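FYI, it's all coordinate maths here, none of it is from the lab. What you are looking at is a predicted structure, and each value in this text was computed from that prediction instead of being measured. Because the Cβ atoms are built from the backbone with ideal geometry, glycine has one as well, and the counts that use them run over all protein chains shown.
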Amino acid sequence: RHKWGVVLIDEAQTIKNVASGQCKAVKAVHAPVRVALSGTPVENKLSELWSVFDFALPGLLGTLREFSDRFAKPIEGDGDEAALRTLRRITAPFMLRRLKTDAAIAADLPDKVVANEIAALTPAQAALYQTIAQQAAERLAQGDRGTVLATLTALKQCCNHPANYDARHFDAADASLSGKWALLRELLSPILAGGEQVVIFTQYVAMLQMLKDFIAREHLVSPIVFHGGLGVAERDAAVQRFQGRGSPVM
């Protein structure tokens, strides 16, 4: 049996599930020095932090049950600031945090490039936008102040694709109805042709499925869908698939 002097793991958040085979296998590798690297040591709940520390410094935070009673439940359930300060005080000496704003790191990072692209509304979108705005104005004139937020949501959905607002009367598969989709087609083609990967964000889950179908039709790739409605295991699998280049689009 080989004796390791140092065990260093990257993406340490992947051992957050204490019951997983991966977590058990990693913790079974003994070494006098253990180092855990992670950009997101806590993704969903504090027990994930316990698991990482249980690898790097077993016993520092007690057993999982002790950690839950002393820290996780008070902090997550009651917003206990005192418990949070104590947890930070205990873990701080053993954590080295680096931010992209740190001078030593910023010098090694490329400049962020922000390019704003304007998508013009299609005639169908413009007409629908005007209808939604006019109906909202009429309701406001009648004293219905509660319509404001609903109207903002409707207008944003209209700007995505008319079917994102009204799937009964608009064909979600009709790319010609959306200015955003025309722009996306133009932007995405050279990215995929160059063998690069891309992450596309949208605010609405229904729009995710529409985009997935659109990209599959237009570019013959199967995008990975990621949203808060997925379970933890599904989200982890989606990220791992993307990082493993299982698809060029998320």
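Worth a mention:
- Fully extended contour minus Cα-Cα distance, from residue 107 to residue 10, at 0.36 nm per residue: 32.6 nm
- With Cα atoms, 0 to 90° folded angle of helix 123-141 axis to the chain main axis: 90 degrees
- Sorted by Cβ density within 10 Å, fewest first, the residues 54, 108, 174: 108, 174, 54
- Ordering 148, 18 from the fewest to the most neighbouring beta carbons within 10 Å gives 148, 18.
- Here the Karplus curve 6.51 cos²θ - 1.76 cosθ + 1.60, taken at θ = phi - 60°, turns the phi angles of region 227-232 into couplings of 7, x, x, 7, x, 4 Hz, with x standing for Gly and Pro.
- Local electrostatic count, residue 249, Cβ distance below 14 Å [Lys/Arg +1, Asp/Glu -1]: +2
- Across the alpha-carbon set of region 6-106, the Rg to Rh ratio works out to 0.98, Rh being the Kirkwood radius.
- Crossing angle, helix 179-193 versus the chain [Cα axis fit, 0-90 degrees, rounded to tens]: 50 degrees
- Placing unit charges on the Cβ atoms only, positive for Lys and Arg and negative for Asp and Glu, gives region 112-250 a dipole magnitude near 240 debye about its Cα centre.
- MRE, 222 nm, helices only [DSSP H, n ≥ 4, -39500 (n - 2.57), over the chain, to nearest 500]: -13500 deg cm²/dmol
- The C-alpha atoms of the chain define a longest principal axis, and helix 81-91 lies at about 60 degrees to it.
- Nearest-20 debye value, the chain charge dipole, Cβ charges on Lys, Arg, Asp, Glu: 880 debye
- The alpha carbons of the chain give a radius of gyration and a Dmax of 24.3, 80 Å, in that order.
- The stretch between residue 130 and residue 142 holds 2.5 nm of extra length on full extension. This uses 0.36 nm per residue minus the Cα-Cα distance.
- Fewest-first ordering of 81, 218 by other beta carbons within 10 Å of each residue's beta carbon gives 81, 218.
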